[in-house]
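The values are calculated or read from the model by the stated rules, or taken from the named source; none is laboratory data. From a predicted model like this one, the values you see are computed outputs, not experimental measurements. Note: ideal-geometry Cβ built from the backbone for every residue, glycine included; neighbour counts use all protein chains shown.
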Amino acid sequence: MSTSIDMQRPVPRLALSRAEVAIAIGVCGNTVDQMVEEGFLPQPRRFHRRKVWLVADIAAAIQAWPEDETGRKATVTKGDGGGHVDEWRATP
């Protein structure tokens, strides 16, 4: 039996980089930063200079988001000069 990792068996991902989190939830990296700042996503974990998010933490955070209900609209952030629409945040 070989002591090296069997390259035919997939290794589960336990953590994601900022770019990978953005891809996984369908937003850009800057939106990930904003979502962390606003509490929609957890703070990243740090090892030396590398920051990663645990897959389990991301999944738990998303599960805590409110469900979209019929008739709700996206919030339009005013005053940013760019007419930015927060499509991921439902409001009553």
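Just to verify a result, which residue in region 51-92, among those that are closer than 17 Å to N30 by Cα and at pLDDT 95 or above, is surrounded by the most Cβ atoms within 10 Å (Cβ to Cβ)?
Among those residues, the one meeting the criterion is W53.
Conditions first: (1) small (G, A, S); (2) in a loop (DSSP other than H, G, I, E, B); (3) buried (at least 16 other Cβ atoms within 10 Å of the Cβ). A22 passes all but one, so which condition is the exception?
With respect to (1) small (G, A, S); (2) in a loop (DSSP other than H, G, I, E, B); (3) buried (at least 16 other Cβ atoms within 10 Å of the Cβ), A22 is out only on (2).
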